[in-house]
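The block underneath contains the structure these notes are about, expressed in structure tokens.
The values are calculated or read from the model by the stated rules, or taken from the named source; none is laboratory data. No experiment lies behind these values; they were computed from the predicted model shown. All Cβ positions, even for glycine, are placed from backbone atoms using ideal geometry, and neighbour counts span all protein chains on display.
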Amino acid sequence: MRRPILTAFALLAASAALAQERASPDAIKGGSTIADLLSKGFEIKAAVPNGTTKFIVFMQKGNSAYACEFLTVTKSRCGTLN
């Protein structure tokens, strides 16, 4: 169970620079992507499977927290929790 999550995080980290160069059409208008949040110093705190192909990723930096729907390495959408 942990191996797919770790694999997803490894792929995400490896492609963060590439994803930052392109605007994601799948991001919620005015929202953020996982790549955006990683570049701003947010850390992945937890991830839980949501169906067979999606993960919900929780990210935090200081008092700010986001929940992100992770579909693929280049497709994600995030919303603030607080």
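Within region 26-53, the residues that satisfy the criterion of being surrounded by 15 or more Cβ atoms within 10 Å (Cβ to Cβ) and within 11 Å of the chain's Cα centre (by Cα) are Ala27, Ser32, Thr33, Ile34, Ala35, Asp36, Leu37, Leu38, Phe42, Ile44, Ala47.
Pairs linking a residue in region 53-82 that is in contact (Cβ under 8 Å) with a residue 60 or more places away in the chain to a residue that is of a type in the set (Val, Ile, Thr) and in a strand (DSSP E or B), with Cβ atoms under 7 Å and 6 or more positions apart or on different chains, are Phe70/Val57. Within region 55-76, restricting attention to residues that are in a loop (DSSP other than H, G, I, E, B) and surrounded by 15 or more Cβ atoms within 10 Å (Cβ to Cβ), the residue that is modelled with the lowest pLDDT is Val73.
Here the condition is being touching a strand residue (DSSP E or B) at 6+ places or on another chain (Cβ under 7 Å) and either β-branched (Val, Ile, Thr) or at pLDDT 85 or above (or both); of Gly31, Gly79, it holds for Gly79 alone.
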